[in-house]
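Notes to accompany the following structure.
The values are calculated or read from the model by the stated rules, or taken from the named source; none is laboratory data. This one's a predicted model, so the numbers in the text were calculated from it and none came from an experiment. Note: ideal-geometry Cβ built from the backbone for every residue, glycine included; neighbour counts use all protein chains shown. Side chains are part of the model used for accessible areas, which takes the heavy atoms of the whole protein and leaves out ligands, DNA and RNA. Shrake-Rupley method; radii C 1.70, N 1.55, O 1.52, S 1.80 Å.
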Amino acid sequence: MVDYILDDELKAWQSKIAEFSKNELRPYAAEWDRQHGIDPTCSFPLDALKKASAAGIRTLTTPKEMGGEDIGIFGHVVLLEELFQGEAGFASVIHQNWKLAKMLCHFTTEEQRAEFLPRYMDVDTSTMAIGMTEPQAGTDNIMPATNIDGGVRLSAVRQGDTWILNGKKHFIACAAMSNINFIVARTNPNVPVNEGTTMFIMTDEIPGFRHGIIHGKLGARLLMNGELIFENAEVPEKWRLSEVDGGLPYMARVFSRHSPTTATFGIGIARAAFEDARAYARERVQGGKPIIEHARIREILADMYVNITVARDAVWRAAWHADTAGDDEYDHKEGMRAALFASEMAPQVCIKGMNIFGGNGYMDTHPAERHLRDAMMCYHIDGLNDTTRLKLGGLLAGEAFAGAL
């Protein structure tokens, strides 16, 4: 039996986050987007992040005994949708914290948690980054390459109780501002990437590490993707997370059930586009009456609504399954199908929303064009949709699941 009834606690957080989005994000979203479009390096709105911390939003997925609310994957998708009603890039930053907090709190040693958990919980602007993608290594990490030349090239060589890292990560979400970084490095260059990488946790203050450029982007600009550069960077052995050469299998254990959370990006953005289009249709007059009274506008809104709600049904089912299924029962296809459908639904819904705005939809004086730009990231968030299709097709063909995420 699938039970999607929200308990009182989750309803309360849903309402609280909806108000936060309405009051603290939405009024400033267009200006933040404009500023970061002109200068990708301009400051993140830290005041809003501090308010999210004060409200308990930033740390919701941390266990209660560690100071959070222990929100699971189902709660993650329900609440994340509300954040996307405010600003997509800001919502993505909070999502990143919610997701990586699972690794920090459940897949680290007591010594590591003692060092890094206060850095996350007590610093009200703390964000986390995970570095895997490199200039010459992307999809061959997600769909692990079987030749030794594919995948992660950032090297990690052990010298006593220290690992020396050399190389570069790019396109890394929150790279401009993270004070905790999870890094996948190549520790054995003589085997395929799935057998030769190791995962580390580190601060942003280690010798030999620096932040590189911040990438200019089409949408979700507050996520501030950028470079992490390692030049003989020194990482203590005590900060190693995975078994040596077991970095990608480690990531698979941590994140294998999280597809529904990134699928929510599509639902949240599409819903924002729908709500704005419907509000505009009630106000805009053509032919002597509000355009929502025209049959064609009603048809478009109906199609938008159907697509969003069907995607939400799939994502909520996948999230419920991720929270409740045992290891022998969990079906990776649930999260994959939801992520694939929601990510391709969102840009199409946003295009329909733009059409309701008419010529105004193409202008930056209205939100429709921003929603479409934000939605385009859904095609490749956590890996290209083509990669998801290949994985899903492999599962349907009877192959074992071997992907890193």
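Which value, in Å², gives the accessible area per residue of the stretch 211-346 when a 1.4 Å probe is used on the protein heavy atoms? Intermediate values should be presented prior to the final figure.
Values: 5710 Å² over 136 residues.
Per residue, the stretch 211-346 has 42 Å² of solvent-accessible surface.
Of 168/217; 16/99; 168/333; 102/352; 168/238; 99/333, which ones are farther than 27 Å apart at the Cα?
Listed pairs above 27 Å: 168/333; 102/352.
Magnitude of the Cβ-charge dipole of the chain, K/R +1 and D/E -1, about the Cα centre, nearest 20 debye?
The calculated dipole for the chain is roughly 1060 debye.
As I understand it, the dipole of the chain uses +1 on the Cβ of Lys and Arg and -1 on the Cβ of Asp and Glu, about the Cα centre. Which of 294, 321, 308 lies farthest toward its positive end?
It is 294, whose Cα lies furthest towards the positive end.
Would you be so kind as to identify which of 355, 59, 197 lies farthest towards the positive end of the dipole of the chain, taking Lys and Arg as +1 and Asp and Glu as -1 on Cβ and the Cα centre as origin?
355
Binning every alpha carbon pair distance of the stretch 118-220 at 5 Å from zero, what are the percents per bin?
Answer for the stretch 118-220: a P(r) of 2, 12, 21, 23, 18, 14, 7, 2, 1 percent.
Which value, in Å² rounded to 10, gives the accessible area of residue 306 with a 1.4 Å probe and all protein chains present?
Rounded to the nearest 10, that gives 80 Å².
Rg and Dmax in Å for the stretch 82-166, alpha carbons only: what are they?
In order Rg, Dmax, the Cα atoms of the stretch 82-166 give 16.6, 50 Å.
Once the convex hull of the C-alpha atoms of the stretch 327-375 is built, how many Å³ does it hold per residue, rounded to a whole number? Write out the running numbers ahead of the final one.
On the way: hull volume 3.1 nm³, N = 49.
Taking the convex hull of the Cα positions in the stretch 327-375, it is 64 Å³ per residue.
If you rank 280, 120 by how much accessible surface each has, with a 1.4 Å probe, what is the order from largest down?
Putting 280, 120 in descending order of accessible area: 280, 120.
Over the chain, what relative contact order in percent results from Cα pairs under 8 Å that are six or more residues apart?
Relative CO of the chain lands at 17 percent.
Positive end of the charge dipole of the chain (Lys, Arg +1 and Asp, Glu -1 on Cβ, about the Cα centre): tell me which of 20, 172, 132 has its Cα farthest that way.
Value: 20.
With no solvent and one equal point scatterer per Cα, compute the Debye intensity ratio I(q)/I(0) for the stretch 1-54 at 0.12, 0.27, 0.28 Å⁻¹ and report its log10, rounded to two decimals.
The Cα Debye sum returns log10 ratios of -0.43, -1.07, -1.11.
Could you work out the per residue convex hull volume over the alpha carbons of the stretch 251-342, in cubic angstrom?
Given the Cα convex hull of the stretch 251-342, per-residue volume reads 84 Å³.
Would you kindly state how much longer the chain becomes between residue 112 and residue 204 on full extension, computed as 0.36 nm times their sequence separation minus their alpha carbon distance, in nm to one decimal?
31.6 nm is the gain from fully extending residue 112 to residue 204.
At 222 nm, what helix-only mean residue ellipticity would the chain give, in deg cm²/dmol to the nearest 500, using -39500 (n - 2.57) for each DSSP H run of four or more? Each step should come with its number before you reach the end.
Values: 13 runs with 188 residues, N = 405.
Helices in the chain give a 222 nm mean residue ellipticity of -15000 deg cm²/dmol.
Using every pair of alpha-carbon atoms in the chain, split the distances into 20 Å bins beginning at 0 and state the percent of pairs per bin, rounded to integers.
Calculated over all Cα pairs of the chain, the distribution is 27, 58, 14, 1 percent.
How big is the stretch 334-405 in terms of Cα radius of gyration and Dmax, in angstroms?
In Å, with Rg to one decimal and Dmax whole: 15.8, 50.
For the chain, with a Gaussian network of springs between Cα atoms less than 10 Å apart, report the residue from 270, 88, 52 with the top mean-square fluctuation.
Of the options given, 52 has the highest mean-square fluctuation.
For 245, 161, 124, give me the order by solvent-accessible area with a 1.4 Å probe, most accessible first, ignoring ligands, DNA and RNA. Intermediate results must be reported in sequence, preceding the final value.
Values: 245 45, 161 115, 124 65 Å².
In descending accessible area the options line up as 161, 124, 245.
Karplus couplings for the stretch 63-73 from phi (6.51 cos²θ - 1.76 cosθ + 1.60, θ = phi - 60°), rounded to Hz, Gly and Pro as x?
x, 4, 5, 9, x, x, 10, 6, 6, x, 5
Quick one: which residues, 5+ away or cross-chain, put their amide H under 5 Å from the amide H of residue 284? H built at 1.01 Å from N.
Residues meeting the criterion, in which the H sits 1.01 Å from N, are 291.
Tell me, what is a quarter of the convex hull surface for the C-alpha atoms of the stretch 300-344, in nm² with one decimal?
3.0 nm²
Just the number please: accessible area per residue for the stretch 31-184, 1.4 Å probe, all protein chains included, in Å².
That works out to 36 Å² per residue.
Would you mind telling me which residue in 318, 346, 233 has the biggest mean-square fluctuation in a Gaussian network model of the chain, where springs connect alpha carbons within a distance under 10 angstrom?
Looking only at 318, 346, 233, the largest GNM fluctuation is found for 233.
Quote the relative contact order of the stretch 100-233 in percent (integer), defining contacts as alpha-carbon pairs under 8 Å separated by 6+ residues.
So the answer I get is 25 percent.
If you average 1/r over every pair of different alpha-carbon atoms in the stretch 225-294 and take one over that average, what Kirkwood value in Å do you get?
Numbers: mean 1/r = 0.0572 Å⁻¹.
After inverting the pairwise mean of 1/r, the radius is 17.5 Å.
Let me cross-check residue 267: its accessible surface, 1.4 Å probe, with only protein heavy atoms counted, in Å² to the nearest 10?
0 Å²
Determine ³J(HN,Hα), in whole Hz, for all residues of the stretch 109-120 in sequence, where each value follows from phi through the Karplus function 6.51 cos²θ - 1.76 cosθ + 1.60 and θ = phi - 60°; x replaces Gly and Pro.
7, 4, 5, 5, 5, 4, 8, 9, 4, x, 4, 8
If you plug each phi of the stretch 344-358 into the Karplus form 6.51 cos²θ - 1.76 cosθ + 1.60 with θ = phi - 60°, what whole-Hz ³J(HN,Hα) values come out, in order, with x for Gly and Pro?
Residue by residue, the stretch 344-358 yields 8, 5, 4, x, 5, 5, 5, 5, 4, x, 4, 5, 5, 6, x Hz.
Taking the Cα atoms of the stretch 279-405 alone, what are Rg (to one decimal) and Dmax (as a whole number) in Å?
Rg then Dmax for the stretch 279-405, in Å: 18.6, 61.
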